[in-house]
Amino acid sequence: MKLFRGAGVRRVALLTAGLLAAGITAAFAVQGAPPIDVLYPDPQPPERIRPIALEGTRYVSTNDIARIFSATKYWRPELRKLSLRLGDHTIRFTVDAPIVLIDEVAQNLIDSPRLVQGAVYVPESVLRGLMDWGFVPNATWDEPLRAIRFRSPVHTVRQAQLWVRGRVTEVSATLLKTLSPRLIYATPSELRLLFEGGTLDSARVFSGGTVQSGTIRETTDGVEIRLVLTPGAQGYSLSVSSNRLKLAVTDDNDLVQQGIFSKLEPIALGGADGKLRTIVIDPGHGGKDLGAALPGGGAEKDAALDLARALRAALQGMVGARVLLTRDSDADLSVSRRSEIANESGGELFLSIHFDAEGLIREGGFRIYALSATPAAGAADRLPLTLGGESGAEMRPWESAQVQSAGTSIALGQTIADALARNYPQTKVSFRTGRISVLEPVAAPAVLLECGPTPRGPQAMSLQGYTIREIAKIVAQSIQEMARGGRA
Ligand SMILES: [Zn+2]
């Protein structure tokens, strides 16, 4: 996935004779960079800020930062120092110095703040850092959307707790307004629930009774409860009444037989008979669209094709399914063509393969995406990811094809993420839902896998020493596990 358009940014120094004669140092070409959306709770309308690219790095104006986060700005022109006061915190920048003082503690910056047309610009990573460092507790950075998302100051889900009452384990919470929960899946091994658009007082971790490990947290879609169940879990019940959530699980099959609890059932891949016949693998990018530049000099398009072919071999051997590739050569396909191939071929599973060396997996690791379980209002207006290069980064109307498979896709994405995390415990693995163009029109369960090679290692494609074939095997095993009877 190319979350950054930086690859196409030329590093052009505009050195004119006049500037040189005047003894002024190089002025760099200022180019546009992908916009950042700022999303506020209703009813405040969203806004958009426009970073710039300087020498291949994306910069954000401190004027924008001050306005969005209601920070106070102090500029001392004689020292070329700019301070931002955010609540109790002070952040100080010096133009052209690769350092930032955060509450008087110095941190190094890869790129220095710059003065451009009278405004101080800081690297975009600083903007994201402000949210990651907790300086702006009411906002989060949404990387797939390139958005700053402000939370509602009123938390709609509060005081989540876990209770164990004999063979019934219950998670309860107070709801400040009527929210209807959406059950994403409820299998004998795991249960996942979403309050779309909800906000949470604080993230919590639970365990006890039939819940081996549980979390309640805010995601970009709302408040999510995920309960990993102990072996032998049989049933669940869900009720929302008088502004109270009660989500219970039990290992007592009698309660299921009596109809008090619903049965936990595995999710299976494949057709009605549980057979997985056709799998479509989509190596990202291709042709003149190289994708991300990888450490060691490789291009994402080639690594994605290598992994897709290895995965095809592994799946043919393990699952015995027909495996099609959206491209089996160095061809450039549009995003829409990729999902069309999945639908036209009757694919019962769609896997899009990407590599990246930027963003959250700059240091290596894996990100697995499924489409958000619920389409956002006005989803047709959202910005798609730059998948498939310039020509593929088109606006597409919302197609609800993937919604029918959302639960299975999320279960599959989580299964693959868990398997990768188990096999590579030192590596960062994250699973998340997002709005991803290539997955939207696909009717079958669909996930996107993004691998981050490290800058180290003997081969460009090596991920801290493990190979594409190993990754293919782990992913194929996860699919085989689900095809055999579900996430159980
Ligand atoms: Zn990519």
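The values are calculated or read from the model by the stated rules, or taken from the named source; none is laboratory data. Owing to the predicted nature of the structure, the values given are computational and were not obtained by experimental measurement. For neighbour counting, all protein chains shown are included, and Cβ atoms are generated from backbone atoms with ideal geometry for every residue, glycine included. With ligands, DNA and RNA removed, areas are computed over all heavy atoms of the protein, side chains included. Shrake-Rupley method; radii C 1.70, N 1.55, O 1.52, S 1.80 Å.
Here is how the numbers come out for the structure above:
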quantity: Tally, over region 118-128, of residues that are touching a strand residue (DSSP E or B) at 6+ places or on another chain (Cβ under 9 Å) and without any contact (Cβ under 8 Å) to a residue 40 or more places away in the chain; calculated: 2
quantity: Pick from region 317-343, criterion polar (S, T, N, Q) and surrounded by fewer than 22 Cβ atoms within 10 Å (Cβ to Cβ), ranking: farthest from Thr278 (Cα to Cα); calculated: Ser334
quantity: Checking Asp328 against (1) among the acidic types (Asp, Glu); (2) assigned by TED's automatic domain parsing to the domain that holds Ala411; (3) at pLDDT below 95, the condition it does not meet; calculated: (3)
quantity: Residues of region 267-286 satisfying the condition of being in contact with a Gly (Cβ under 8 Å, 6 or more places away or on another chain) and either within 15 Å of the ligand (Cβ to nearest atom) or on the phi > 0 side of the Ramachandran plot (or both); calculated: Gly274, Gly284, His285
quantity: Breaking point among (1) out of contact with any helix residue (DSSP H, G or I) (no Cβ under 9 Å at 6 or more places or on another chain); (2) modelled with pLDDT of 90 or more; (3) not β-branched (Val, Ile, Thr), for Asp381; calculated: (2)
quantity: Of all residues making up region 64-80, the number that are surrounded by fewer than 14 Cβ atoms within 10 Å (Cβ to Cβ) and within 18 Å of Pro137 (Cβ to Cβ); calculated: 2
quantity: Some residue of region 316-324 being within 16 Å of the ligand (Cβ to nearest atom) and at pLDDT below 95; calculated: no
quantity: Scope region 327-337; condition under 24 Å from the mean Cα position of the chain (by Cα) and more than 13 Å from the ligand (Cβ to nearest atom); matching residues; calculated: Ser334, Ser336, Arg337
quantity: Selection from region 81-107 of residues that are of a type in the set (A, V, I, L, M, F, W, C) and either in a strand (DSSP E or B) or open to solvent by 90 Å² or more (accessible area, probe 1.4 Å) (or both); calculated: Leu82, Leu84, Leu86, Ile91, Phe93, Ile99, Val100, Leu101, Ile102, Val105, Ala106
quantity: Subset of region 290-313 that is of a type in the set (Asp, Glu) and open to solvent by 10 Å² or more (accessible area, probe 1.4 Å) - its residue that is nearest to the ligand (Cβ to nearest atom); calculated: Asp302
quantity: Scope region 253-269; condition open to solvent by 30 Å² or more (accessible area, probe 1.4 Å) and touching a residue at least 12 places away in the same chain (Cβ under 8 Å); matching residues; calculated: Asn253, Leu255, Ile260, Ser262, Lys263, Glu265, Pro266, Ala268
quantity: Boolean, Leu115 is in contact with a Lys or Arg (Cβ under 6 Å, 6 or more places away or on another chain) and open to solvent by 50 Å² or more (accessible area, probe 1.4 Å); calculated: no
quantity: When residues of region 187-220 are limited to those that are part of a loop (DSSP other than H, G, I, E, B) and open to solvent by less than 20 Å² (accessible area, probe 1.4 Å), the one modelled with the lowest pLDDT; calculated: Gly198
quantity: Failed item in (1) in contact with a helix residue (DSSP H, G or I) (Cβ under 9 Å, 6 or more places away or on another chain); (2) under 30 Å from Arg48 (Cβ atoms), with Val168 passing the rest; calculated: (2)
quantity: Gly452 vs. criteria within 25 Å of Arg312 (Cα to Cα), within 16 Å of the ligand (Cβ to nearest atom) and either modelled with pLDDT under 65 or among the hydrophobic types (A, V, I, L, M, F, W, C) (or both); calculated: no
quantity: Tabulated pairs, region 151-166, first over 13 Å from Arg204 (Cβ atoms), second among the aliphatic types (A, V, I, L, M) and outside any strand (DSSP E or B), C-beta under 8 angstrom, 6+ apart or interchain; calculated: Val154/Leu176; Thr156/Leu176; Thr156/Leu179
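Listed here are the residues, each with its yes/no results for (1) modelled with pLDDT of 90 or more; (2) out of contact with any helix residue (DSSP H, G or I) (no Cβ under 6 Å at 6 or more places or on another chain); (3) in a helix (DSSP H, G or I); (4) assigned by TED's automatic domain parsing to the domain that holds Arg217.
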| residue | (1), (2), (3), (4) |
| --- | --- |
| Ser391 | no, yes, yes, no |
| Gln404 | no, yes, yes, no |
| Ala417 | yes, yes, yes, no |
| Thr433 | no, yes, no, no |
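Residue-by-condition table, conditions (1) among the charged types (D, E, K, R); (2) under 27 Å from Ala406 (Cβ atoms); (3) not assigned by TED's automatic domain parsing to the domain that holds Ile471:
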residue: Val240; (1), (2), (3): no, yes, yes
residue: Leu245; (1), (2), (3): no, yes, yes
residue: Val249; (1), (2), (3): no, yes, yes
residue: Gly298; (1), (2), (3): no, no, no
residue: Ala308; (1), (2), (3): no, yes, no
residue: Ala314; (1), (2), (3): no, yes, no
residue: Arg322; (1), (2), (3): yes, yes, no
